[in-house]
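The values are calculated or read from the model by the stated rules, or taken from the named source; none is laboratory data. On a predicted model such as this, the values are computed, not experimentally measured, just so you know. All Cβ positions, glycine included, derive from the backbone under ideal geometry; neighbour counts span all protein chains shown. Ligands, DNA and RNA are excluded from the accessible area calculation, which covers all protein heavy atoms including side chains. Shrake-Rupley method; radii C 1.70, N 1.55, O 1.52, S 1.80 Å.
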Number of protein chains: 6
Amino acid sequence: MTELGVVRRKIRRADRAAVEALGRYGVATVHEAMGRLGVMKPTMRPIYPGALISGTALTVLLHPGDNWMLHVAAGEIEPGDIVVAALTADCTDGFFGDLLATSFRARGAKGLIIDAGVRDVRTLTEMGFPVWSKCVSAKGTVKATLGSINVPVVCAGALVNPGDAIVADDDGVVVVPAAAAQKTAEAAAAREANEGDKRAKLAAGVLGLDMYKMREPLEKAGLRYID
Amino acid sequence: MTELGVVRRKIRRADRAAVEALGRYGVATVHEAMGRLGVMKPTMRPIYPGALISGTALTVLLHPGDNWMLHVAAGEIEPGDIVVAALTADCTDGFFGDLLATSFRARGAKGLIIDAGVRDVRTLTEMGFPVWSKCVSAKGTVKATLGSINVPVVCAGALVNPGDAIVADDDGVVVVPAAAAQKTAEAAAAREANEGDKRAKLAAGVLGLDMYKMREPLEKAGLRYID
Amino acid sequence: MTELGVVRRKIRRADRAAVEALGRYGVATVHEAMGRLGVMKPTMRPIYPGALISGTALTVLLHPGDNWMLHVAAGEIEPGDIVVAALTADCTDGFFGDLLATSFRARGAKGLIIDAGVRDVRTLTEMGFPVWSKCVSAKGTVKATLGSINVPVVCAGALVNPGDAIVADDDGVVVVPAAAAQKTAEAAAAREANEGDKRAKLAAGVLGLDMYKMREPLEKAGLRYID
Amino acid sequence: MTELGVVRRKIRRADRAAVEALGRYGVATVHEAMGRLGVMKPTMRPIYPGALISGTALTVLLHPGDNWMLHVAAGEIEPGDIVVAALTADCTDGFFGDLLATSFRARGAKGLIIDAGVRDVRTLTEMGFPVWSKCVSAKGTVKATLGSINVPVVCAGALVNPGDAIVADDDGVVVVPAAAAQKTAEAAAAREANEGDKRAKLAAGVLGLDMYKMREPLEKAGLRYID
Amino acid sequence: MTELGVVRRKIRRADRAAVEALGRYGVATVHEAMGRLGVMKPTMRPIYPGALISGTALTVLLHPGDNWMLHVAAGEIEPGDIVVAALTADCTDGFFGDLLATSFRARGAKGLIIDAGVRDVRTLTEMGFPVWSKCVSAKGTVKATLGSINVPVVCAGALVNPGDAIVADDDGVVVVPAAAAQKTAEAAAAREANEGDKRAKLAAGVLGLDMYKMREPLEKAGLRYID
Amino acid sequence: MTELGVVRRKIRRADRAAVEALGRYGVATVHEAMGRLGVMKPTMRPIYPGALISGTALTVLLHPGDNWMLHVAAGEIEPGDIVVAALTADCTDGFFGDLLATSFRARGAKGLIIDAGVRDVRTLTEMGFPVWSKCVSAKGTVKATLGSINVPVVCAGALVNPGDAIVADDDGVVVVPAAAAQKTAEAAAAREANEGDKRAKLAAGVLGLDMYKMREPLEKAGLRYID
């Protein structure tokens, strides 16, 4: 259960191989492989284009205007983790900058997902430390109140349990429950397997209407062509 | 009239030469040439910078969460078309990705304008297939309900009739009624003709106040300079 | 006091050396040096990444849909100024384009901050004329009503007095009262002085928890570690 | 075509009897009778609860921050009209207050639909003059630039042609093309005819699953009940 | 785990007595009693003022634009349930109206919480069937795709498990995990117990500064009074 | 200058008689009397309809998620004050409820203006303690960090200096600089004086076009009537 003032140290991280496998596919493919679930809201955008990461969620629950727990989080990072920071209420402050990024990277974090603001984005971009956030804001925070580490959180509309697999790219962020990581990676692989063939057909001018055999169901649904 | 479940096949596309001429000017110039009308809301943003396209509108009316009609649209594309997709209600789902883009391109589409979300933006960028959308979202859609093709639609606040001329660039998207394409292209050309001269004067330090003879009307309106 | 129809010509600009000094630090550092105040809302975004400017505010008060006063503003620009344009009510129109930018640059302006829309962003980017705005919009404006020049304005939530120091970069925009520019530049320098040392320690794996001596206050606040 | 600076005086208003008939049904019913089309965005809210009006659209195209054309509109109102005001770009100003309402009522207007702000809402409520708007704002406007009267407009995402039938209630606003008013009123009547029967059954505990015979299609679609 | 196409029939509802006890306190008190957690986003507003309900969550996962599962939900309602409807992506459609409300009430539902739109609000108000929603919209939906019933959902930023206790009033909506319902009701009671005394003191002019003994900590934090 | 950690005790309140006089007019009239300036953004809404207050501003600067300074503010209230609370960054938390309202009222406050959330709105409505806020939210705050009292603040886009006159009603909130209160009250009185006459004429069917002599300037501006 979600609670304040708690740091859970023993969490079950998703299988490393499965997490790596998920990182071979984009967010769109992984989310389709999960049955079109698990995607965060499109308000979450990368601070620079081109990043694609996968990792295990270290969750942080923050209060508006207070980033103290991000410092606590740094002490819990294991190599391969992605820090996922949620808030108890909406806030646009800049909770994270280049010093924290330096620390996170030193501990092995692959990136940050935060449902709030981030700053020092030029330096973060130069460092190649990827962040997905709700906004960019120079506005700083205080260090005065306790949130929690590694409790279940809702981040940008998605439930994240500590240890869940996270995949993030230019399309956004998807959460894969730890127990489903392996199965989802396989389903993603299967989806990709026949995409090349489909792409070749479509590039040759074959219509999806024919390739996916949609003409009959469309007609049944009542579609009328009018000249 | 706007109707559901209909594919209109015979539409009058704006004059090809006029559409190409419009493509020589940016959206801002074209919209000024129309009398400051026809621009879509600034919520419509390109997925990558630098694209400038002009074409004829193939309109699509979609339901929230359902992209079936984009597959139907592919079958109606003629070279030089720009697909303009409107929704019956606001939705942020990712309706369009690289497979559909491959198909659209194979049919000759120059780009997509969609008042909803788009995904696979990294691949679309690599392909150089330009999309203007309300957001980027990995969240997929179903294929279950009928919209329409080539009916009048309202996309991001602008009325688009099938066959209208569309111009899109980094400033957004403008719609030119098919019947006004030629006249608008000429007006745009006229606007641009004397811009070079104006730019040179302004660059030399001449004030717009003097170049546009604004000092007298400003004084009449009551402007007071206070030392 | 804020008034309409007025152009104030004699304003006290912040000390030039102090303004230049502020430009050596990012917006985040300057705003921290001011006590975490003075930052505009994160809705203000640069039209291209990588710009960092500092200058003195020439303020403009505009009505929705009317950019007449930007032409008046051009006549008041002194080298080193940054034009800061506020609105009497929210509006997304594109108030500023490449012709005005050419004029502003010829007069010595370093950039524009506008709580509304801007257009011709491709050309502005090619010119390297930086703009921070609420949105990009091709929609043009009229020239019919009077606002004011060099009156106090509220721009994107921040109070700006004419002559105040402005710093803008990828993180946003901060306003430093003219009288506080020197002191703030010194405080920013002091902040940066020991950042290199901190960064090195954090990069070496030292935790902020230890470097900032947070463990005791966290324990006092009641933080519990659970295995 | 939409144009600026024009007042069209001869418009074809929807059949009066049909418009009155539409007023017997709520917006939800009318919009269903049209095939789930024609509804304005849910940003349009009534200034007080309980109003239900139907009438013929007198359209107004306004610029941001300028309400001059509403005064021109007053001169064109015929009894039974509903003024529908659209903007060339988003604006939250208060374009309309109790004096204009007094004038509109004296001319026979049944209400106002405006995709912007309104003010004097307490007085308007006392007068019982209903307005659907995007917001309430005390911020006034100027009278300096020309829009148009009785041109096609897009208001809150819906296309409105002069003379179209408008129905507005607590659920929002729907536009019925003049030519479809009669047919839509009949379809609405048909929908309502069997609602009483349905309501009685549902009130008695009959499930929609059974009443609408949904169990089989749900099963076919793959729905699984798990104990 | 969240899954599509599933109806879970056996859920553990929060203890009835505890749920009823929670209904004696407002949402603000209950959420404080939980440690300031569990509140849905303030975008969730009641369709009429004055309602206060508590009940057990019957969760529904819907796709944008499709309300089929609300009909399925009706068949699962037990007296005392509150239906909590979440969406797989943002949508403003009107998913729920008076016919469904009639059915829900006949089955014993106490109200609806839906992170989307609702319609027929005048009739719902007359019926006294309370709904908390993101918006009011006449725009209807289709019945074509499967969501789920009684899976964990994220509704307006809050995680809701089937059977959780829900309290809703003019301040919004709070979710109490079923297992914490009893303890939370007790904590809420304790909070209220000494509120009367506090209120009397404050009404008599005693300052919270003194009543809560804040003067010393404020001084320690550095607060300066300046004459 | 705006500073943190400061309580200014000696402020110059606007003239009491002028403030009372301003309270006789609505916000729209007062703002027009000021030259269409001083209005807060339309995001500020009253928690119940029908309230109209005027008073002198006691300003509070708060951090997101922290309402400590509202308790400090209570100690500074003088009869006739309106507390105006601004935030250093956007936040939707519920900073204020019925206990604070009891205390504020006991000290003589006439109401609260807060650019954030408020809760206990049912009780506040029963108490008749009016609040204008950005939202309603049950989400509570902490008491951990210092803001300031009676420093200049920007609240919902308007600059408020301590002691300024505030008027608030169903149309929103307007700020009148203390030094301009008397003059503004007189200008408001003058505006209202001839409104009765105008209203009577308009009610009798006289057009604003004629009453305000707009026909000639409209014609000059190029307005064309088309039959």
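Taken over the Cα atoms of region B:47-106, the convex hull encloses 99 Å³ per residue. Take D:R191, push a point 7 Å out from Cα through the beta-carbon direction, and compare it with the same point in every other copy: 3.6, 4.1, 4.3, 4.3, 5.8 nm, smallest first. Seen from every direction in turn and averaged, the convex hull around the alpha carbons of the protein assembly as shown projects onto 45.8 nm². Leaving ligands, DNA and RNA out of it, report the carbon-plus-sulfur percent of the accessible area of region B:162-214 at a 1.4 Å probe. Carbon and sulfur: 54 percent of the exposed surface of region B:162-214. Computed about its Cα centre, the charge dipole of the protein assembly as shown is approximately 0 debye, with only Lys, Arg, Asp and Glu carrying charge at their Cβ. What separates the C:R16 label point from its copies, with the point 7 Å along Cα to Cβ, is 5.3, 6.0, 6.0, 7.6, 8.3 nm, written shortest first.
Can you tell which of E:D120, E:D210, E:D197 shows the greatest fluctuation in a Gaussian network model of chain E with Cα springs below 10 Å? Maximum fluctuation in the GNM of chain E, among the listed residues, is at E:D210. What is the Cα centroid distance between region A:131-157 and region A:57-107, reported in whole angstrom? Here the two parts' Cα centres lie 6 Å apart.
A simple spin-label model places pseudo-atoms 7 Å from Cα toward Cβ; at C:A204 and B:E126 they are separated by 4.2 nm. At q = 0.12, 0.17, 0.21, 0.25 Å⁻¹, what is the base-10 log of I(q)/I(0) for region B:113-175 according to the Debye formula with one equal point scatterer per Cα and no solvent? Please give it to two decimals. Log-scaled intensity ratios, in q order: -0.37, -0.75, -1.08, -1.24. For region B:42-150, the equivalent ellipsoid built from the Cα gyration tensor has semi-axes of 18, 16, 13 Å, listed from largest to smallest. Hydrodynamic radius of chain F by the Kirkwood approach over all distinct alpha-carbon pairs: 18.6 Å. Accessible surface for region C:49-202, divided over its residues, is 25 Å² per residue with a 1.4 Å probe. Taking chain B as a Gaussian network of alpha-carbon nodes connected by springs under 10 Å, the highest mean-square fluctuation of the residues B:G208, B:G75, B:G111 belongs to B:G208. In terms of Cα atoms, the Rg and Dmax of region B:127-220 work out to 20.8, 63 Å.
Solvent-free Debye calculation, one equal scatterer per alpha-carbon of region C:173-227: log10 I(q)/I(0) at 0.25, 0.26, 0.27 Å⁻¹ equals -0.94, -0.97, -1.00. Ordering C:G128, C:L22, C:P49 by the projection of their Cα atoms onto the charge dipole of region C:1-139, which places +1 on the Cβ of Lys and Arg and -1 on the Cβ of Asp and Glu, puts C:L22 at the extreme positive end.
Dipole magnitude for chain E: about 200 debye, using +1 per Lys or Arg Cβ and -1 per Asp or Glu Cβ, origin at the Cα centre. What sits nearest the axis between copies F and D, counting only chain F Cβ atoms, is the residue and whole-Å distance F:P49, 6. Pairs exceeding a 26 Å alpha-carbon distance, out of D:K41/D:K183; D:K110/E:K143; D:K143/F:K201: D:K110/E:K143. When only Cα pairs under 8 Å and 6 or more residues apart are kept, what is the percent relative contact order across region C:69-181? That works out to 24 percent. Chain F packed on chain E takes about 3000 Å² of accessible surface away from a 1.4 Å probe, both sides summed. One quarter of the surface of the convex hull around the alpha-carbon atoms of region F:7-92 equals 6.8 nm², the direction-averaged projected area.
Remark: accessible surface ordering of D:K183, A:K201 (largest first) is D:K183, A:K201, probe radius 1.4 Å. Considering only A:Y212, A:Y48, A:Y25, the mean-square fluctuation computed in a Gaussian network model of chain A, springs between alpha carbons under 10 angstrom, is largest for A:Y212. The charge dipole of region D:58-117, taken about its Cα centre with unit charges on the Cβ atoms of Lys, Arg (+1), Asp and Glu (-1) only, comes to about 220 debye. Sequence-distant contacts, meaning Cα pairs under 8 Å at least 6 residues apart, place the relative contact order of chain D at 31 percent. Label-point spacing at A:G5 relative to the other copies reads 2.7, 4.7, 6.2, 6.2, 7.1 nm, in ascending order, each point sitting 7 Å out from Cα along Cα→Cβ. Adding -39500 (n - 2.57) for every DSSP H run of four residues or longer, then dividing by how many residues chain C holds, sets the calculated 222 nm ellipticity at -8000 deg cm²/dmol.
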